[in-house]
Amino acid sequence: MSAPPNPTGAAGRRLAALAEGWRVYRADRGGLFGLAVLSLVVVLALLAPVLTPPAELDVTRAGGAPLRPPSAENWLGTDESGRSVLLLTWWGARMSLLVGLSAAVLSMLIGTVVGLVAAHFGGWVSTLLLRLTDFFLVLPALVLAIALSTVLSRGVLTIVLAIGVTSWPQTARLVRAQTLTVETRPYIERARALGGGHRHLLGKHVLPAVLPLVFATTTLTVASAIIAESTLSFLGLGDPAMISWGSMLKSAMDTGAVTAGAWWYLLPPGLGIAVVVLSFTLCGRVLETVLNPRLRGERR
Amino acid sequence: MTPILRLDGVSVTYRGEDGPHRAVVDANLTLRPGATLGLAGESGCGKTSLALAVLRLLPRSARVDGTILLDGHDIERLTWGELRAARWTSASVVFQGAMHALNPVRTVAEQIAEPIRLHSPERPAAARVRARVTELLEQVELPGARRDAYPHELSGGQRQRVMIAMALACDPRLIIADEPTTALDVVVQAQVLALLRRLVSERGIALLMISHDLSVLAASCRCLGVMYRGRLVEEGPARQLVATPEHEHTRALAAAFPTIGDEGSRYPGAGEPGESAGGVRGSLLAAEGVSVEFGDRYRNRVRAVRDVDLEVMGDEILALVGQSGSGKTTLARTLLGLCPPNAGTVYYEGRPLATSGRELRAFRGSVQLVLQDPTGALNPKHTVYEAVAEGLRVHGCADDEAVRVREALEAAELRPAEEFTARFPHELSGGQRQRVVIAGALVLRPRVLVADEPVASLDATVRGEILALLLRLRRERGLSALVITHDLGLAWNIADRVAVMRSGEIVETGPVERVLTEPRHDYTKELLAAVPSFEGSVS
Amino acid sequence: MTDTRDEFETSAASTGPPPLLRFVAAKAGGGVVSLFLVAVLGFFLFRVLPGDPARTMTRSTPVSAEQLAALRHRFGLDQPLYLQFRDFVIDLLHGDLGTSYIYNRPVAELILERVGPTVLLVGTATVLAVLVGLWMGARAAWHQGGPVDRWFTSVGLTLWSVPTFWLGLLALMAFGVGVGPLPGLFPVAGMSSANVPAGVVPHVLDVAHHLVLPCLTLVAVIYAQFMMVMRTSLLEEMGAEYLTTARAKGLREDLVRRRHAVPNALLPTVTLIFLHLGLVVAGAITVETVFSWPGLGLLTYEALRVPDLPLLQGTFIVLAGSVIVMNVLAELVYRLLDPRVRDS
């Protein structure tokens, strides 16, 4: 395929469109806040093994007295085994982000494929997929995820799987709707009249139009996946060997931190979840606005 | 006698992100009671802004300068309460596209009754309101049984009748009609226009009608005004304005609505098939006994195309005319091999059309499609170059891609081609976009162009240029065209032969001069009668 | 669609049984298929997926091979899968959900005991959340971009980002146990106290007292969903042309809103509310766990700790099944409400 003449012009304009998107994104204070918080949390989570001594996570080697309020030594107090709550919260971020992101990516893959196939090909396959999507959409996802993680062996992979395979229907619905909208556009008919096959239509026209929105929804899916992860861990279905915000809250409840009034044990992990989830939600909402000019106009 | 409406130096300015945008500039007009005035102009010329300004219905981002006197009152000085009282009693509006202008979840009767209740001094008795609604529905020739229908249960024409009934509800002295018949079919359009004309003249209501379609205005109004880029450029009696337009924009608008039967409005080269270089006579693309069926939502079979024979000859422009829903687009899709027929055969150069594989692909290269809406027909994310080259890439002819794209763009009169290749569709005008679509078809060097309403969404000024381009391509390249349209004027402009389609069947075929001047089939006569003309306005 | 030649032809001409009947039949049929799918899924999740359910149930306690064999026999796990499935479906049709492993009682009986409290909690919370959410959503949309909108939206989004159980734990600590000088105002666990004087009124008051914290926790997390849905659909209606018609008729702004915009926005909201029911159910599981509210959620929690697979299967089928039934009902109600879908 020969290069189109004057490619810099078009590429330049595409970059300009991206810059324009960033300008719209930047105008939203919530979106900026979310992005900043997320960058910070991700960097800290990645650097946890470098900046903190992992040995102190070991129950047998914990230094402090159990369930102590914040002090100069342990800024956020200690848990029931005398470990630093700050350290636990820091390490818990790794788990929440890992599970949240992986589950969202899994759900995005399933959702996109199902949505595309259901919308593009038609016929009985599409009908079947649509009915299946509607079925799973109505089904309470968390109940299903609980069932899955109960019967499968405990582990990070199980949690990712349980959340991933129960949260795809929204994405599938969205991708299907978007694909159907794109396919009513005359340029699809034009491409068909030019002789383009399924691969050409999907690859050149449908996917590029659908993917940005999928990206925005995935950001929102990460938010709900993190909540789902914490809920499953809170119910005791997580990987017992790993520290996560949900499992911290489970220990807090099981060991009577609530009745003891140990607010320093309850607040950090919960705030961690809330701040990260809120940041993903804010980012996702702004991304939707940036990518969907119709919504953008509405905000003016 | 005080004028019912008087505009003095009215300007409408919108605050936008890119600075203020002046939609209407210094408009002056006077409308006496019972007078009828049509405002014509292309999309974006400010005519709707002007209409909405009369009742102060513009969004907050708009600023209105100058004075608007409605029934002698300066509407900018009215309090909100006085303004609300004046709305619908002094002037009411028939909005464009009645589907959206009516509330979808309330019945027609409720919506007509609403202003009656609202503007009555004391609470009127339910029976009286009911009687009044029935009376109004009778006046717009709707059966009383339809009073409890919801908007979606009515046809487009019926909805527009409901809008008219609603506009009459409080006996206003002025009706503002904004594109009242735009989404309607020619025949229904003629009925609705006749109704509006009759009601307005019977009651001595003043009418301000707004449309892009000069012929619709000429058929309903005694006076016409033409707006161009926010300014009122020409005003005068309808007949005079259309017959001897002074402003060049008025001329363009008038040319878009040719007088059928007038040889002067045929384009040069129209009706002269077979005289071009390299043209091949004989059948190129043909349908024989083609029927197409669909399942509708009740799983009933609907026969969209019934046993149709149609032939596109080499070097010929054939117009396929009919109302919407007549099956003409389905027939075109079948001819393109995009929709398999349930019965009958499509032939290309005398050979039956393949249903799949290499042969169908080759066929797709020879018969190309040009769609109505060039904005939708181009992927907004692809540059002009990519859009034009798409066909070449699909067919795997990549060797001299750049050369052929350039050639196609220049053939579609986009010169110099280099200036356009790197642009995106939104950076082009409507006419340029349609040329890109045509270039995208030409790049495969087709023999036949199937053009589905190729100029319906274009402004009047561009319309002529695109039609001339089709004729030039025929003359220079021997390119045949099947032009699908609802517009008999278009057929008269450029076609050699015309086929008239109704309810899936072709009722009449023949040379344009014969069919449009001496129609044989009743339906053709009916269609011709529905074309708006001055005769209607005089009677 | 524009007109065909026959202008007075009604657009909804059809043959066969009346559309409403056909619609109800189709929806009910779809519901039955979905319920059957739930049963299949329940069987698959708890009998097929674990491989050996007996071993899964006893994974936290050491058991001998004989004990395992006895367990398998007791739950019919020693039969071929297709026979197990046949018996499972037949039992299900008779309302028999099997026997609980930990309680050694019929699962159906256990579930029946716990349905009441859950319905009370979820029902009260949903009604409150819908009322609060719709009202706030409508206000936010009408004052779009203003302080009310920004305030409502930020609070809603923040609460929505909070895990239900954490909010419950905080509420429990602040208002149940008490923090610092603040005494505990509400009971910390259960649905009723032991030392309540006899009589209906004291009993009702006692239950209501217990209900406050779990119910408000649930409302705080779910109302935001309803609010955002209402806000979005009202915003979508606000550009509609029929609102310009209404204004042109001389209607006051608040009438334009109440008579035209809100009724239109409310309809799509109804279905979305029911789609979010699954979320409410999920929230109920953790809230009941935190507050030891003796409902289906707590039962699920007790079952999954062991895990007691027959009991889990039972709660799964009942929870999923009721959400599906509610959705079918919602679609029927929606159809009666919205004239646009009434004859399509």
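A compact table of results
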item	result
Members of the stretch B:12-38 found to be out of contact with any Ser or Thr (no Cβ under 6 Å at 6 or more places or on another chain), farther than 17 Å from B:S92 by Cα and open to solvent by less than 10 Å² (accessible area, probe 1.4 Å), listed by number	B:A27, B:L29
Residue within the stretch B:211-218 that is within 26 Å of B:L118 (Cβ to Cβ) and among the charged types (D, E, K, R) present	no
Every residue from the stretch A:88-109 that is surrounded by 19 or more Cβ atoms within 10 Å (Cβ to Cβ) and closer than 19 Å to A:P212 by Cβ	A:A104, A:S107, A:M108
Criterion: at positive phi, surrounded by 17 or more Cβ atoms within 10 Å (Cβ to Cβ) and outside any helix (DSSP H, G or I) - qualifying residue of A:L76, A:L67	A:L67
Leading residue by the ranking (nearest to the other protein chains (Cβ to nearest Cβ)) among those in the stretch B:91-124 that are open to solvent by 60 Å² or more (accessible area, probe 1.4 Å) and not in a helix (DSSP H, G or I)	B:Q96
Members of the stretch B:395-407 found to be in contact with a helix residue (DSSP H, G or I) (Cβ under 6 Å, 6 or more places away or on another chain) and facing chain A (nearest Cβ under 7 Å), listed by number	B:H395, B:E401
Checklist (1) among the aliphatic types (A, V, I, L, M); (2) more than 27 Å from C:N327 (Cα to Cα); (3) under 19 Å from the mean Cα position of the chain (by Cα); (4) open to solvent by less than 10 Å² (accessible area, probe 1.4 Å) applied to A:A145, failing item	(2)
Residue within the stretch B:75-87 that is over 21 Å from B:S201 (Cα atoms), open to solvent by less than 10 Å² (accessible area, probe 1.4 Å), in a loop (DSSP other than H, G, I, E, B) and more than 9 Å from chain C (Cβ to nearest Cβ) present	yes
Selection within the stretch C:250-272 - open to solvent by less than 40 Å² (accessible area, probe 1.4 Å) and either modelled with pLDDT of 85 or more or more than 9 Å from every other protein chain (Cβ to nearest Cβ) (or both)	C:G250, C:L251, C:L255, C:V256, C:H260, C:A261, C:V262, C:N264, C:A265, C:T269, C:V270
Residue match in the stretch C:68-76 (condition: of a type in the set (F, W, Y), at pLDDT 85 or above and over 30 Å from B:A145 (Cβ atoms))	no
Filter result for A:T181 (within 28 Å of A:S167 (Cα to Cα), buried (at least 16 other Cβ atoms within 10 Å of the Cβ), away from every other protein chain (no Cβ under 11 Å) and polar (S, T, N, Q))	no
Qualifying residue in the stretch C:186-195 (condition: buried (at least 17 other Cβ atoms within 10 Å of the Cβ), assigned to a loop (DSSP other than H, G, I, E, B) and within 11 Å of chain A (Cβ to nearest Cβ))	yes
Flag if A:T217 is among the polar types (S, T, N, Q), modelled with pLDDT under 90 and open to solvent by 10 Å² or more (accessible area, probe 1.4 Å)	yes
In the stretch A:253-273, the residues that are open to solvent by less than 30 Å² (accessible area, probe 1.4 Å) and facing another protein chain (nearest Cβ under 7 Å)	A:V258, A:G261, A:L266, A:G270, A:I273
Criterion violated by C:V287 - all others in (1) at pLDDT 90 or above; (2) farther than 19 Å from C:T164 by Cβ satisfied	(2)
Test result for B:A412, touching a residue at least 24 places away in the same chain (Cβ under 8 Å), at the interface with chain A (Cβ under 8 Å from one of its Cβ atoms) and either touching a helix residue (DSSP H, G or I) at 6+ places or on another chain (Cβ under 9 Å) or surrounded by 17 or more Cβ atoms within 10 Å (Cβ to Cβ) (or both)	no
Unique residue being open to solvent by 10 Å² or more (accessible area, probe 1.4 Å) and acidic (D, E) when the list is B:D185, B:D171	B:D171
Check on C:R72, without any contact (Cβ under 8 Å) to a residue 60 or more places away in the chain, of a type outside the set (A, V, I, L, M) and open to solvent by less than 70 Å² (accessible area, probe 1.4 Å)	yes
Those residues of the stretch A:241-258 which are polar (S, T, N, Q) and part of a loop (DSSP other than H, G, I, E, B), in sequence order	A:S244, A:T255
Members of the stretch B:353-388 found to be more than 7 Å from chain A (Cβ to nearest Cβ) and aliphatic (A, V, I, L, M), listed by number	B:L353, B:A354, B:L360, B:A362, B:V367, B:V370, B:V384, B:A387, B:V388
Hey, B:R146 away from chain C (no Cβ under 12 Å) and not aromatic (F, W, Y) or not	no
Helices (runs of 4 or more DSSP H) contained in the stretch B:150-244 and holding at least 2 residues touching a residue at least 24 places away in the same chain (Cβ under 8 Å), under 20 Å from the mean Cα position of the chain (by Cα) and more than 30 Å from B:G72 (Cβ to Cβ)	B:156-168, B:186-203, B:214-220
Pairs where the first residue, in the stretch C:300-317, is without any contact (Cβ under 8 Å) to a residue 60 or more places away in the chain and the second is among the hydroxyl-bearing types (S, T, Y), C-beta under 8 Å, 6+ apart	C:T300/C:T315; C:Y301/C:T289; C:L304/A:T150
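Here's the yes/no breakdown for (1) open to solvent by less than 10 Å² (accessible area, probe 1.4 Å); (2) away from chain C (no Cβ under 14 Å):
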position: B:L318; (1), (2): yes, yes
position: B:G322; (1), (2): yes, no
position: B:G325; (1), (2): no, no
position: B:P340; (1), (2): no, yes
position: B:G350; (1), (2): no, yes
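The values are calculated or read from the model by the stated rules, or taken from the named source; none is laboratory data. Since the structure is predicted, the reported quantities are computational estimates derived from the model, not experimental observations. Don't worry about glycine lacking a Cβ; one is built from the backbone with ideal geometry, like all the others, and counts go over all protein chains shown. The protein model used for the area step is the full one, side chains on, heavy atoms only, and it has no ligands, DNA or RNA in it. Shrake-Rupley method; radii C 1.70, N 1.55, O 1.52, S 1.80 Å.
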